[in-house]
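Report on one structure; see the data block that follows.
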Amino acid sequence: MALSSIFKLRTSATPALLELLKNTTLGTNGAMYRHLDTSTRILEADQPLFLSMERNEKVIGNVTFCQRGTAWYIRYFAFHSLVQAGSKKKKEDKGNSFLKRELNQFFDEVFEGKHSDRRVESLYAYIDPRNDRSKWMSENFGFKVVSHLVTQSFSRISPKKSNRLVKLNDWKEIQSLVENNYSQHAYYFTTHAEKPPFYGLKDEAGELIATCRVTRVNWEIVRLPGKMGGLLTKVIPYLPFLNKLIKPKHHTFLVPEIVTAKDNNPKLLEELFSAVLAEEKQTLMLWWIDQQDNIYLASKDQISWGLFHKIVGAPPVDVVERVNPTSSIKTTGPVFVTAYDMV
């Protein structure tokens, strides 16, 4: 049975879709924020496929897929408030709702090979386990949690420079280090990570002993996490020190990825992050990394992560997956995270 005529499948974003995504506020419980870079990010999407609900020339819902070989990443899952699932249990239990039925049908078609020349083994996404809408998506479309990420902040009011910091423009200079640390991770994918520039620390012999790539990100923070998050967001502009880290109306920060450090040394990681902040003239990083990643396990209790971490902690993110019913793959983690997917 074909999808309802209200659904349109496209390979490029329309102005109406951009309007929906630019006005989407993410989060329901705790932190709430809006991406300010959407117009640029959507043009950077790798092999995108846009499934949109369209009515009267307006997009009222969208699921955006990035086609990555045998795995498709769900980049956007946004719906107008009129069609979004609410948080009340009675709404979640309606069962065969129109949206649930149509999207499940499309997911089945993907696995049946109707929308790709290549067999698709799995669909995956990242969700906030405290977000009711995200949980609704996961629970109603057959997605299972396969791993957990952490949102690890690193902040410095006056980041320390390092004379060992170098800026690199050749992916091949860091490729072997990245592959040694991440190539065995689930969903390893470097299309975005390969784009320069990169940062590194070099020792006296000229050997790279720590590396990363960073993406500059702009968000509007509607509400910070925590019981007092709403009030804190309003008073931050008047609080010394904190107002240097967080600017709710237009908050700029860095997102590191493909992070490596020799022997997973936390001191090298701290030096690298601080030096990059100083070089980029920023005060905050948000690093999304699998909780079981070796570099995170070695550093999580050994680094002073800064004031922002003391306020918000390290919010979790669930990795959810729906596997082709005829596939034998089994994701056990850790999962590779590219910055593009989070911003």
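Quick notes on this one:
- Listing of helices (runs of 4 or more DSSP H) fully contained in region 60-171 that carry 1 or more residues being at pLDDT below 95, among the charged types (D, E, K, R) and closer than 19 Å to V343 by Cα: 132-140
- Qualifying positions in region 176-189 - in contact (Cβ under 8 Å) with a residue 12 or more places away in the chain and either of a type in the set (S, T, Y) or farther than 15 Å from N294 by Cβ (or both): Y182, Y187, Y188, F189
- The residues of region 104-127 that are within 22 Å of the chain's Cα centre (by Cα) and aliphatic (A, V, I, L, M), listed by number, are V120, L123, A125, I127.
- Of note, L272 does not satisfy the criterion of being surrounded by 21 or more Cβ atoms within 10 Å (Cβ to Cβ), free of Cβ contacts under 8 Å to residues at least 60 places away in the same chain and aliphatic (A, V, I, L, M).
Residues checked against (1) more than 29 Å from T70 (Cα to Cα); (2) surrounded by fewer than 20 Cβ atoms within 10 Å (Cβ to Cβ); (3) over 15 Å from the mean Cα position of the chain (by Cα):
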{"site": "P129", "(1), (2), (3)": "no, yes, no"}
{"site": "G142", "(1), (2), (3)": "no, yes, yes"}
{"site": "F154", "(1), (2), (3)": "yes, no, yes"}
{"site": "P159", "(1), (2), (3)": "yes, no, yes"}
{"site": "N169", "(1), (2), (3)": "yes, yes, yes"}
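- Of the criteria (1) part of a helix (DSSP H, G or I); (2) of a type in the set (A, V, I, L, M); (3) in contact (Cβ under 8 Å) with a residue 40 or more places away in the chain, which one I221 fails: (1)
The values are calculated or read from the model by the stated rules, or taken from the named source; none is laboratory data. The model shown is predicted, which means the values in this text are computed figures rather than measured ones. Glycine also receives a Cβ, built like all others from the backbone with ideal geometry; neighbour counts cover every protein chain displayed.
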